[in-house]
4 protein chains.
Amino acid sequence: MERMKSRFDTFRQKVNIIIYGTNTAYGRLFDLVLLGVIVVSVIIVMLETVKGFDQKYHIELLVLEWIITIFFTIEYILRIISIKKPIRYIFSFYGIIDLLATLPMYFSLFFAGASVLSVLRAVRLLRLFKILKHPKFSNQSSHLHQALIASKGKILIFMYFMLVSSVIIGSLMYVVEGSQGAFTSIPVSIYWTIVTLTTVGYGDISPATPLGQSIASIVMIMGYGIIAVPTGIVSAEFASFNFKKSIPERVNPCPNCGVDGHEFNAKYCNNCGEAL
Amino acid sequence: MERMKSRFDTFRQKVNIIIYGTNTAYGRLFDLVLLGVIVVSVIIVMLETVKGFDQKYHIELLVLEWIITIFFTIEYILRIISIKKPIRYIFSFYGIIDLLATLPMYFSLFFAGASVLSVLRAVRLLRLFKILKHPKFSNQSSHLHQALIASKGKILIFMYFMLVSSVIIGSLMYVVEGSQGAFTSIPVSIYWTIVTLTTVGYGDISPATPLGQSIASIVMIMGYGIIAVPTGIVSAEFASFNFKKSIPERVNPCPNCGVDGHEFNAKYCNNCGEAL
Amino acid sequence: MERMKSRFDTFRQKVNIIIYGTNTAYGRLFDLVLLGVIVVSVIIVMLETVKGFDQKYHIELLVLEWIITIFFTIEYILRIISIKKPIRYIFSFYGIIDLLATLPMYFSLFFAGASVLSVLRAVRLLRLFKILKHPKFSNQSSHLHQALIASKGKILIFMYFMLVSSVIIGSLMYVVEGSQGAFTSIPVSIYWTIVTLTTVGYGDISPATPLGQSIASIVMIMGYGIIAVPTGIVSAEFASFNFKKSIPERVNPCPNCGVDGHEFNAKYCNNCGEAL
Amino acid sequence: MERMKSRFDTFRQKVNIIIYGTNTAYGRLFDLVLLGVIVVSVIIVMLETVKGFDQKYHIELLVLEWIITIFFTIEYILRIISIKKPIRYIFSFYGIIDLLATLPMYFSLFFAGASVLSVLRAVRLLRLFKILKHPKFSNQSSHLHQALIASKGKILIFMYFMLVSSVIIGSLMYVVEGSQGAFTSIPVSIYWTIVTLTTVGYGDISPATPLGQSIASIVMIMGYGIIAVPTGIVSAEFASFNFKKSIPERVNPCPNCGVDGHEFNAKYCNNCGEAL
């Protein structure tokens, strides 16, 4: 009994290293296989929604779905067994996603149509973002990340401004175009305003009256100018990162007080006056 | 009588602090409640324009509208009573908006359909922009504001250029496409040109003749290049702000050797070692 | 006779100063009036193309058209009389435009329908660009102009790249989508490619086959990335203009050799070694 | 016999210089003629796909096609004969393209309809990119090239992020909009997401339910913010190139005082006055 427990512990440890670790060859291989299976599972769910394809290969797709579901189920159980605090994993973001990815197929045994929920599996694609933490990409993606973090405050203010503008312009267009045309309600008008301000312009709703078209023209030119704002914010952040890199290397720290970061051509320490 | 007047004065003063002030706890609470009520009032106006929803909950929406109208009316009266120069407030931008937000419901008692005007209430959303002056955001939003102010001249010239181009291109397309197709008049052609130059592209009007499509292609590539101009202007402004921030503030020149441009927190001249 | 000629010369001189000059009060007034009449003439031509409006106010519009035509005719004759080298003006760009703006109405006396050509008058709007040379705007607009000139080479290469790409992608889409669908010919496919690459997206032509939609998706993401190129070019030019302005003012020229533009903290002239 | 071989060798050498060389007058002329013929051949293929035009000038177009095909065939044979390692050319990228450009017409002799493949000729347009290596443009285009190379890593990560987001959002929209509407399958929903995120917005597919429109609004605002990322990356690269150019090249440090960072054309040290 004792020996069996010890064996189980060794097994748990090994599984833990393979599933959660990324330093060993097996750990990395597992990550790759898992990502591969996730991608395949999402492609299968996609193909099932394509009518013609599903009718032709219904059985094959179903069999593949079950294979993947069982693979995901085993992975989920191993994740719970091998971790020290299983409760923490189960209620974590990825834990819930992993569970939601396996359940739909089991439900479909009892409720016809529950397999529609297997679309939820697409959320497992979020694991694909973990690749960006890989050392190969981490430098570039952390650079991107930092620039976005630095611009966050300005971008939020900008979005707030855009949302309030959309409500005001949307209400105005509802009154101008009248409820007879395509602008059937204020929420729809706001939807149109966002479609227009972002220069998407589906054309499912478009102004028909001369006054509406004039206001729309102003909104478009505004949107065209406004796009400069987030772009400018992010550009400037990237540029200042690049700029910092391009400033010449500073000389050694002061030999007296140890203060670092003197100007390039300083002769005396600007903190204690010691000659450098 | 005298005492009553004195009481009224104390009341006015208290109300003034709550309504106009932002330093006391009550003042801040009032601002928050007011913004909340404005948002709710706009949502109600929105829902009233959604046909299905309005038919189902007509009574509930009407009751809520009246509650909000009375709240706004009391707020408006208090604003007038508690301020020293009520005339100035009444004819100020926000004063007129506040009045316009209360009137429609009272009009609707006498004229059926006047409640349509309650859409005007959306303009009160402009008060939401006041949040941007809050200390929490003021740093970021003043940064945004300054960059926009600095680019204003160039952006106005750019818009002038775009407007004149739109009229010329619009007239050209009217002649090329002929009045038989979707380009029924020059104003409509100009509307199409703006839709195209800003890359919105609804598709409600699109060229049908080969020559028209060729000109449209050129206009699109122009528009694509032109978008670089406002973006470039604003980007450069943001970048120069960031750049200025990245250069430390300079103190006065060294009293001994007169060298200028020391770092912000330098204590000794980096040229001669003299204490600053 | 001699006296009459001298009078005529004085008259010519005065007219020249008013029409071509911009320094006297009358000269500036004439420019303003001319621009005003051009704007009015273009608005009239616009309104004539709006069916409902033209039927109602046909006579009024016609009278106004004739008044403006006569004004333009007098202006044209005065321009020829008052200038020293009339031939040069007549065959200059603006000379031809000014002539084309007057002729259509006279033609319409002989050929019904020739008044359609009065659309040509819109080209006179190009004179509105002359405003940008006004001292009030010239600083900002010359800044814009210089940045565009500096980016010209790169933008031309970029447009060449885009044109060739459009032809290749357009041909590919023609083959993929087949001539049965909306992609009826290669020129139309190229038109679609430009509409898509520039993110205009009318939707008058859109891919219907899965393969076509996949290629379209790639083209869109390409277009989305490509827009960064002209924007980046122009942004960088603006930024480097701003940057140059932000470099600290340089000290006076060298007292010995007169060379200018030394570094901020230089002690000796870097051209002749003289102490600064 | 020997003499004939020697003559053939001289011929091969001459042809090689003309076809592959760019230094002689004939070499440059040949390049120009070839590019001209490629452009003409692509225009002919284009016109053939325009129904009305093809019916009218079928014979003329066919004759021109044969002339060009024979020209391309001779060019292809000369390329093989005159090069030292013909195998290498035949299986190179341009070798295969050159072959594919000649074959379709010969096939059309045996199989009706094979001339459709002459669309492949458009790929020869890729040769037009070779112009960018011409000394006249090489400076500007290498600048463009370097900025794109420098941003490659970040742009790839960005595209990866966008692709994964598109799949997740597309799946979500499929569930929300239901398969009844325009969102018939997940691949179509993903196509819609890309159309929306890139702000193209055809409008062939657009959300009809209020919830779908709300999600679409969020996707659009996201897309609007996201466009800032590639633009910012590329702008910053261009800006740092310009910045580096604006800092003059530094010569070696001063031999007397060792101060570094002198201006490019400095003759004397700006710190101690020593000749550099």
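Every number here is computed from the coordinates shown, using simple stated rules; none is lab data. Just so it is clear, the structure is predicted and the values come from calculations on it, not from any experiment. Here the Cβ is made from the backbone with ideal geometry for all residues, glycine too, and neighbour counts use every protein chain on show.
Worth a mention:
- Residue-by-residue Karplus 3J(HN,Hα) for the stretch D:47-60, coefficients 6.51, -1.76, 1.60, Hz, glycine and proline x: 5, 4, 7, 7, 3, x, 5, 5, 5, 6, 10, 4, 4, 4
- In order through the stretch A:63-76: 3J(HN,Hα) via Karplus (6.51 cos²θ - 1.76 cosθ + 1.60), integer Hz, x for Gly, Pro: 4, 4, 4, 5, 4, 5, 4, 5, 4, 5, 5, 4, 4, 4
- Note on B:Leu211 and A:His145: their simple-model spin labels are 5.8 nm apart, each label 7 Å out from Cα toward Cβ.
- For the stretch D:1-44, the equivalent ellipsoid derived from the Cα gyration tensor has semi-axes of 29, 13, 5 Å, listed largest first.
- Residue-wise HN-Hα couplings along the stretch A:156-167, as the Karplus relation 6.51 cos²θ - 1.76 cosθ + 1.60 with θ = phi - 60° gives them from phi, are 5, 4, 4, 5, 4, 4, 5, 5, 4, 4, 4, 5 Hz; Gly and Pro carry x.
- For a paramagnetic label modelled on C:Tyr57 (point 7 Å from Cα along Cα→Cβ), amide N atoms under 20 Å away belong, within the stretch A:189-216, to A:209-215.
- 25 Å Cα-Cα threshold exceeded, pairs from C:Lys51/D:Lys51; A:Lys85/A:Lys152; B:Lys85/B:Lys130: C:Lys51/D:Lys51; A:Lys85/A:Lys152
- Evaluated over the Cα positions of the stretch C:139-242, the convex hull gives a direction-averaged projected area, one quarter of its surface, of 7.1 nm².
- Hydrodynamic estimate: the Kirkwood radius of the stretch C:2-133 over Cα pairs, inserted into Stokes-Einstein at 4 °C and 1.567 mPa s, corresponds to D of 81 µm²/s.
- Extension gain from A:Leu100 to A:Arg3, taking 0.36 nm per residue of separation minus the Cα-Cα distance: 31.3 nm
- Neighbour cut-off at most 10 other Cβ (10 Å), DSSP loop, trypsin sites (Lys or Arg not before Pro), the stretch A:25-116: A:Lys84
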